[in-house]
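Working notes for the structure below.
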Amino acid sequence: MQLTPEFIASLIVDEHYIEVAPKQSVVAVLKLENGQVVIGESHCLDPERFVAEVGSRIAREDAVRKVWAMASYAFREAVHQRDKRLAREELAGLPDAAPRIVLPH
């Protein structure tokens, strides 16, 4: 498995946008396939120059960055757990007569 933009996009099953402060702030709410909700936000300094579509795009990009971070962690944790399991299996396959090192107390 690789983390790609397509993979990250495939995790998102629903999205909503809320203008929480009229002409100032937009929140993007992304729901992932596992039920997790990720929130992104955008803020406009000048309400006179506010464009809802731009605010929504920036809020979504913020949320997607958070999804990348979560997916990266989950991927790395899965690799780590796999490596631990393989090491345990390898050790379990060693003969019982293998020399053991005993350290003095």
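This structure gives log10 I(q)/I(0) by the Debye sum over Cα atoms at q = 0.12, 0.13 Å⁻¹, computed directly, and of (i) -0.38, -0.45; (ii) -0.57, -0.62; (iii) -0.73, -0.78 that value is listed as (ii). Less than 5 angstrom separates the built amide H of Q24 from none of the residues sequence-distant by 5 or more or on a different chain. Considering only A92, P5, V51, and ranking their Cα positions along the charge dipole of the chain that arises from unit charges at the beta-carbon of Lys, Arg, Asp and Glu, the one farthest toward the positive end is A92. Once the chain from T4 to D46 is taken as fully extended at 0.36 nm per residue, the excess over their C-alpha distance is 11.6 nm. For a straight C-alpha distance cut-off of 25 angstrom, the lysines reachable from K66 (same-chain residues fewer than eight places away being disregarded) are K23, K31. Only Lys, Arg, Asp and Glu carry charge here, each on its Cβ (+1 for the first two, -1 for the last two); on that basis segment 5-92 has a dipole of about 300 debye about its Cα centre.
Relative to the longest principal axis of the Cα atoms of the chain, the long axis of helix 52-92 lies at roughly 10 degrees.
Readers should treat all values here as calculations from the given coordinates under stated rules, not as data from a laboratory. Note that the structure is predicted; figures quoted are calculated from it, not measured. Positions of Cβ are generated from backbone atoms using ideal geometry, with glycine treated the same way; all protein chains shown enter the neighbour counts.
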